[in-house]
Amino acid sequence: MDVVEKVREAVRFLDGSITRKPEIGIILGSGLGDFIKSMDVETSVPYSEIPHFPVSTVDGHSGKLIFGSLAGKHLVVMVGRFHFYEGHPIGEVVFPIRVMKFLGIHTLCISNAAGGVNPSFRVGDLMIINDHIGFSSINPLIGPNEPLFGPRFTDMSEPYDKSLIGAARKVASTLGIDIHEGVYFSVTGPSYETRAEYRMIKLVGADAVGMSTVPEVIIACHMGLRVFAMSVITDLGIRDEANRITHEEVLEIANATSPKLSALLSGLLSEI
Ligand code: HPA
């Protein structure tokens, strides 16, 4: 079965359990599930029930699609995402983005946990992503192009929507949340970077590093979605001395920062 037919099957299945089409898609990264507490939830569908969805294997990613509303906007929220390092083919990692587009979304808001590379960053800070450098997988558009999704060659000169960045900055200042803006560097993981790698990532102009987001953004751009993305800085990769990181610590900081991220996302939704 080709990918278009798989997307159609997943969409048909999901359409049957919702009363309103979502307009905005949201991806909540590791430990960032707090946002759904403020939502008016209509339906929650475990990934394992959705035709052709892979099943996420990482602790902290519970794996469900939630439909509901917040700030008057109809949302579809991915609680837990798929990573290339889990062993999923890249086409499966990005499959949910295509499904969300065909469910009706025009805008995608992405969050992730990332290591700080900019020396001015502190653990628990938020960074709006204004550009990226992608080394996290092969390009998810490799293979025959499906014109129903988008063009063969996708422009990536401005993947992150400027007006959404402006709106998020305004919301942050109203809420008194300090916010950074910068470049996200994606790696495959699952090992964290060596000190030399963090130095290289800083040298090429990145501010934060993480193991997701870029394939999702490429697929979103291919389909003409407006994209907003934000990192929670869960650790400071750039350090002179050894700085051991564990996934548990990353999750702990993400959990602690989740309310701040949620407040910002909710505020942004009312501005969209
Ligand atoms: N590197 C890569 N991915 C990450 C990091 C990091 O330092 N922190 C959280 N996710």
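As a length-normalised measure over Cα pairs under 8 Å and 6 or more apart, the relative contact order of region 41-193 settles at 21 percent.
Counting every C-alpha pair in region 132-210, the share spaced more than 21 angstrom apart comes to 51%. Rg ratio for region 1-132: its Cα radius of gyration over 2.2 N^0.38 Å, N being its residue count, equals 1.08.
Taking Lys and Arg as +1 and Asp and Glu as -1, the other residues whose beta-carbon sits under 15 Å from that of Val227 total -2. How tilted is helix 3-15 with respect to the longest principal axis of the chain? Cα atoms for both, answer in degrees (0 to 90, nearest 10). For 3-15 against the chain, the angle is about 80 degrees.
Once the Kirkwood radius over Cα pairs is known for the chain, the Stokes-Einstein relation at 37 °C and 0.692 mPa s delivers a diffusion coefficient of 177 µm²/s. Note on Leu251, Leu203: ascending count of other Cβ atoms within 10 Å places them as Leu203, Leu251, the fewest first. Computed from the C-beta positions of Thr194 and Asp131 and an R0 of 25 Å, the FRET efficiency is 0.55 to the nearest 0.05. Here's the picture: charge each Lys and Arg Cβ at +1 and each Asp and Glu Cβ at -1 in the chain, and of Gly116, Thr19, Ser136 the one pushed furthest to the positive end of that dipole is Thr19. In plain terms, the bigger the Kirkwood radius, the slower the diffusion; for region 1-56, with that radius from Cα pairs, at 37 °C and 0.692 mPa s, Stokes-Einstein puts D at 249 µm²/s.
Structure remark: mean-square fluctuation, Gaussian network model of the chain, C-alpha springs under 10 Å; the largest value among Ile129, Ile245, Ile218 belongs to Ile245.
Computed from phi, the 3J(HN,Hα) profile of region 204-217 under the Karplus parametrisation 6.51, -1.76, 1.60 (θ = phi - 60°) reads 7, x, 9, 10, 8, 9, x, 10, 8, 6, 4, x, 5, 5 Hz, with x in place of Gly and Pro. Among residues other than Arg199 with Cβ under 15 Å from its Cβ, the summed charge is -2 (Lys and Arg +1, Asp and Glu -1). Evaluating 6.51 cos²θ - 1.76 cosθ + 1.60 at θ = phi - 60° for every residue in region 168-173, the Karplus couplings come out as 5, 5, 5, 4, 4, 5 Hz, glycine and proline recorded as x. Computed over the Cα atoms of region 62-178, the ratio of the radius of gyration to the Kirkwood radius (Rg/Rh) comes to 0.96. Averaging the sequence gap over all C-alpha pairs within less than 8 Å and six or more residues apart, then dividing by the number of residues, gives the chain a relative contact order of 27 percent. Remark: spin-label model distance Glu252-His106 equals 4.4 nm, labels positioned 7 Å along the Cα→Cβ axis. Of the three principal axes defined by the Cα atoms of region 126-272, the extents in descending order read 48, 38, 26 Å.
Only the coordinates and a few stated rules stand behind these numbers; no lab work does. Since the model is a prediction, treat every value here as computed from it, not as a measurement. Using ideal geometry, Cβ is built from the backbone for each residue, glycine included, and neighbour counts are taken over all protein chains shown.
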